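Undergrad: My questions will all concern the structure given below.
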Amino acid sequence: MTVQVEIGYSHTVGFLANQGRGFNNPVDVAWDSAGVLYVLNRAGPEVGIRLPYKRVTICTVDEEYLGEFGTGGQGDGEFWWPSSLAFDSEDRLYVADEALHRISIFDRQGQFLGKWGTGGSEEGQLNRVSSIAFDSEDNLLVSDSLNHRIQKFTKDGRFLASWGEPGEGPGQFNMPWGLCLDGQGNVYVADWRNDRIQKFEPDGKFLQLWGGSGDGEGEFNRPAALAVDPEQNLYVADWGNERVQVLSPEGKMLAQLRGDSIASRWADDYFAANPAEYAARLAANLEPELKRELKSGREGRREESANIEKLLWGPTSVKLDSAGRIYIVDSCRHRLQIYRRPV
């Protein structure tokens, strides 16, 4: 971990579980006004036996398991390719679904409240909605990925505005993915296939961009999500490079997080109840020495992440809370890695 600001590993929440206490390919996390965590499990492929694994897990940052809701399917309250989630000001949870081109709404107990969204390319229609975030007026910003644009809706689904078009120029997109807002309402977008981050005013006027394709400092390979702290530093889930990069507003590298995980309390409880598996774990080499030629560039990072348990493997989301915690959704390892930053 290359650090130029004080960011330290805190702990890990989660481990692989098809249902119950654990996660299955989590892709996003959000929390309600009480700080309770809601973790979205994508859990593909979409086959009958795996559909119940598509769910929202409810827990706390201190690893208390509180329950779960949802299942795979295409009916009301069900998920097919769930991609993102966000709370409005009234603690209603909104879940985006890429395949179903819709937003579903739940209360904090997981009771289905409603849905909106239709597939298409006209204003207000959706094509693979990938990320959602609320602004200060409780309007919902949506990454409309295959329409290569950002759209803004009221929380009940009434279209308000959109911006963006296919392309590589400023203000254009090639499959926009993650998005977030800063304290001034500016919108930051992870421009997935253009391997960059773009910043816009609340009305969609282009302001700034960072990055470009690569694996060096400040370069990206399919950035999946991002967050902004009060100092306007960027935290980018650099999915294809198996890391989270922290950049200053000017694009200077401040930190690079590759992963530092130790076993979660949930995992420890599981191994205490399954001593044979725990013995096999103790005998395993969790940090194998890889061939030297595999230790550089994107392929090297991917090889390391697939073989070294503590590292991030497929980071799909990064979120910040007001207490200084950084939540990294470590999808292929079925967990959250949590760090701390100065506040």
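Undergrad: Pairs under 8 Å by beta carbon, first residue without any contact (Cβ under 8 Å) to a residue 12 or more places away in the chain in region 265-276, partner of a type in the set (Gly, Ala, Ser) and open to solvent by less than 70 Å² (accessible area, probe 1.4 Å), six or more apart or different chains?
TA: Every condition considered, the pairs that remain are 271/263.
Undergrad: Restricting attention to region 297-316, does a residue exist that is farther than 17 Å from residue 237 by Cα, at pLDDT 95 or above and either open to solvent by 30 Å² or more (accessible area, probe 1.4 Å) or not in a loop (DSSP other than H, G, I, E, B) (or both)?
TA: For region 297-316, residues farther than 17 Å from residue 237 by Cα, at pLDDT 95 or above and either open to solvent by 30 Å² or more (accessible area, probe 1.4 Å) or not in a loop (DSSP other than H, G, I, E, B) (or both): present.
Undergrad: Go through region 167-193 and give me each residue that's outside any loop (DSSP other than H, G, I, E, B), open to solvent by 20 Å² or more (accessible area, probe 1.4 Å) and touching a strand residue (DSSP E or B) at 6+ places or on another chain (Cβ under 7 Å).
TA: Answer for region 167-193, where residues must be outside any loop (DSSP other than H, G, I, E, B), open to solvent by 20 Å² or more (accessible area, probe 1.4 Å) and touching a strand residue (DSSP E or B) at 6+ places or on another chain (Cβ under 7 Å): 177, 181, 192.
Undergrad: Enumerate the pairs (first residue in region 83-95 and within 15 Å of residue 156 (Cβ to Cβ); second residue anywhere and exposed (fewer than 14 other Cβ atoms within 10 Å of the Cβ)) with beta-carbon separation below 6 Å, excluding pairs fewer than 6 apart on the same chain, so at least 6 apart or on different chains.
TA: 88/138; 89/138
Undergrad: Can you name the residue in region 37-92 that is basic (Lys, Arg) and over 17 Å from residue 133 (Cβ atoms) and, of all such residues, is modelled with the lowest pLDDT?
TA: It comes out as 50.
Undergrad: A further question follows. What number of residues in region 147-160 are open to solvent by 40 Å² or more (accessible area, probe 1.4 Å) and either more than 17 Å from residue 134 (Cβ to Cβ) or over 23 Å from the mean Cα position of the chain (by Cα) (or both)?
TA: Total satisfying the criteria: 4.
Undergrad: Determine which member of the set 209, 226 is touching a strand residue (DSSP E or B) at 6+ places or on another chain (Cβ under 8 Å), among the hydrophobic types (A, V, I, L, M, F, W, C) and open to solvent by 10 Å² or more (accessible area, probe 1.4 Å).
TA: After applying the criteria, what remains is 209.
Undergrad: Write out, first by first residue and then by second, each pair whose Cβ atoms fall under 8 Å of each other, whose residues are 6+ apart or on separate chains, and whose first residue, in region 156-170, is free of Cβ contacts under 8 Å to residues at least 24 places away in the same chain while the second is loosely packed, with under 14 Cβ neighbours inside 10 Å.
TA: Hits for this filter: 160/154.
Undergrad: Also, quick follow-up: Mind listing whichever residues of region 54-85 are within 18 Å of the chain's Cα centre (by Cα) and of a type in the set (Phe, Trp, Tyr)? Can you show your working first?
TA: Here is the first cut: in region 54-85, the residues within 18 Å of the chain's Cα centre (by Cα) are 54-61, 79-85.
Once the filter is applied, which keeps residues that are within 18 Å of the chain's Cα centre (by Cα) and of a type in the set (Phe, Trp, Tyr), region 54-85 yields 79, 80, 81.
Undergrad: Here are some conditions: (1) closer than 19 Å to residue 130 by Cβ; (2) crowded, with 19+ Cβ neighbours inside 10 Å. Residue 204 meets all but one. Which one does it not meet?
TA: It fails just one condition, (2).
Undergrad: With the condition kept exactly as written, say whether any residue in region 116-123 is in contact with a Lys or Arg (Cβ under 9 Å, 6 or more places away or on another chain), at negative phi and surrounded by 18 or more Cβ atoms within 10 Å (Cβ to Cβ).
TA: Within region 116-123, one or more residues are in contact with a Lys or Arg (Cβ under 9 Å, 6 or more places away or on another chain), at negative phi and surrounded by 18 or more Cβ atoms within 10 Å (Cβ to Cβ).
The values are calculated or read from the model by the stated rules, or taken from the named source; none is laboratory data. Keep in mind the model is a prediction, meaning the values are calculated, not measured. Backbone-built Cβ (ideal geometry, glycine too); neighbour counts: all protein chains shown. What goes into the accessible areas is simple: the full protein's heavy atoms, side chains included, and nothing from ligands, DNA or RNA. Shrake-Rupley method; radii C 1.70, N 1.55, O 1.52, S 1.80 Å.
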